[in-house]
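In what follows, a single structure is set out as structure tokens and then discussed.
The values are calculated or read from the model by the stated rules, or taken from the named source; none is laboratory data. Every value quoted in this text rests on a predicted model; they were computed, and no experiment measured them. Keep in mind that these areas ignore ligands, DNA and RNA; they rest on the heavy atoms of the full protein, side chains included. Shrake-Rupley method; radii C 1.70, N 1.55, O 1.52, S 1.80 Å.
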Amino acid sequence: MELFVLAAAVPKVDDAPMAEFTEWAMDHVKSLRSGPPGARDATMILPALAGGSTDPSVGDWAAKGARILGTSLIGRPVTVETSASS
């Protein structure tokens, strides 16, 4: 299995940016792959957004299940809430 982790920093993590970033990440990784679909290994994509605050609903959205594109691309969105340094 191939693993791709694509991450970006945003001021606030909420549903719309997470959905858009997940879609972009899956399309981007799909464009990097070559060869016939049945002959490739599965690929896990972890699109991660990190921000100073995270809307509680985005965690629920991300936890609902894997996003599957085709037969071998699996995305699991990840949110990261950062805190200010003391």
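Quick notes
- Residues with amide H under 5 Å from that of residue 54, placed H, sequence gap 5 or more: 13
- Rounded percent of accessible protein surface that carbon and sulfur make up, the chain, 1.4 Å probe: 57
- If the Kirkwood radius is taken over C-alpha pairs of the chain, then at 10 °C and 1.306 mPa s the Stokes-Einstein diffusion coefficient equals 118 µm²/s.
- Karplus 3J(HN,Hα) series, Hz, for the range 46-61 with 6.51 cos²θ - 1.76 cosθ + 1.60 (x for Gly, Pro): 10, x, 10, 10, 10, x, x, 8, 10, 5, x, 5, 5, x, 5, 4
- Each residue of the range 5-17 is assigned a 3J(HN,Hα), and the resulting list reads 10, 10, 10, 8, 9, 9, x, 9, 9, 9, 4, 4, x Hz, derived from the Karplus form 6.51 cos²θ - 1.76 cosθ + 1.60 (θ = phi - 60°), x at Gly and Pro.
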